[in-house]
1. Could you work out what % of the accessible surface of region 24-191 is carbon and sulfur, using a 1.4 angstrom probe and leaving DNA, RNA and ligands out of the count?
2. For Leu163, what charge total do you get from the other residues with a beta carbon under 14 Å from its beta carbon, if Lys and Arg give +1 and Asp and Glu give -1?
3. Just the number, please: percent antiparallel of the DSSP beta bridges in region 24-191, rounded to the nearest 5.
4. Skip the ligands, DNA and RNA, and give the accessible area per residue of region 24-191 with a 1.4 Å probe, whole Å².
5. Please give me the summed charge of the neighbours of His107: other residues whose Cβ is under 13 Å from its Cβ, Lys and Arg +1, Asp and Glu -1.
6. Region 89-113 to region 119-138: how many Å between their Cα centroids?
7. At q = 0.13, 0.23 Å⁻¹, what base-10 log of I(q)/I(0) does the Debye formula yield for region 36-127 when every alpha carbon is treated as an equal point scatterer in vacuo?
Amino acid sequence: MIASIHARKSMGGYQLPILVAFAVAVGSCVSLTPQQQDKVADVQRFADATAAAYNLSRIRVAIEPGTNLGIGGRYRQGNFYLNERMLGSRGLTAVVAHELAHYVLGHDTRLQGASMAELQRAQELRELDANAKAVEILMRVKEMTQREAVQTIVTHLRGAGRLQDRGGALAWGHRPAAEEIADLLARFPDSR
Ligand SMILES: [Zn+2]
């Protein structure tokens, strides 16, 4: 939550909004170091710039305790949850861009499918679309070249792939990282 106060200048008679603090909590409080709080502020600025670029309403970033489920972040119905561990990760920019992509793509509606296999496939396609949209977001909002943006996502996916190879969990709805990378590079063939 962002608390803002309005300090009225005594003589001037105009209001000066001051950003006071990010209070980050999901259920039980996650207490963050000052460095982590700076990262959260960066992430929130990235989210705000993305919402502005796509004419969407503001999306709030919430931090949740770290898990071992292979999930760096998740997007659900207008809320963006980031795993506490991501705040110190080199993959932070990629994960944030990917979760914001779900928001920009409006991935709020229920998945349609007659069977679990169909639901899984529908989610896999959303994940692939989110990777591609993340590239666009990095270009528009972070002013990366297409090549830099593709590289940012691919580098993160390679890291996820190494964890998967060592027996790490594959988050539900995701194809193995190598397949997600192949799909992304097929969409941006000049960034191979
Ligand atoms: Zn995703």
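The values are calculated or read from the model by the stated rules, or taken from the named source; none is laboratory data. Remember, predicted model here, so these are calculated numbers, not experimental data. We place every Cβ from the backbone using ideal geometry, glycine too, and count neighbours over all the protein chains shown. Areas reflect the complete protein model, heavy atoms only, side chains present, ligands, DNA and RNA absent. Shrake-Rupley method; radii C 1.70, N 1.55, O 1.52, S 1.80 Å.
1. Carbon and sulfur together cover 50 percent of it.
2. +3
3. 50 percent
4. 54 Å²
5. Net charge in that neighbourhood comes out at 0.
6. Using only Cα atoms, the two centres lie 7 Å from each other.
7. At q = 0.13, 0.23 Å⁻¹ the computed log10 ratios are -0.46, -1.17.
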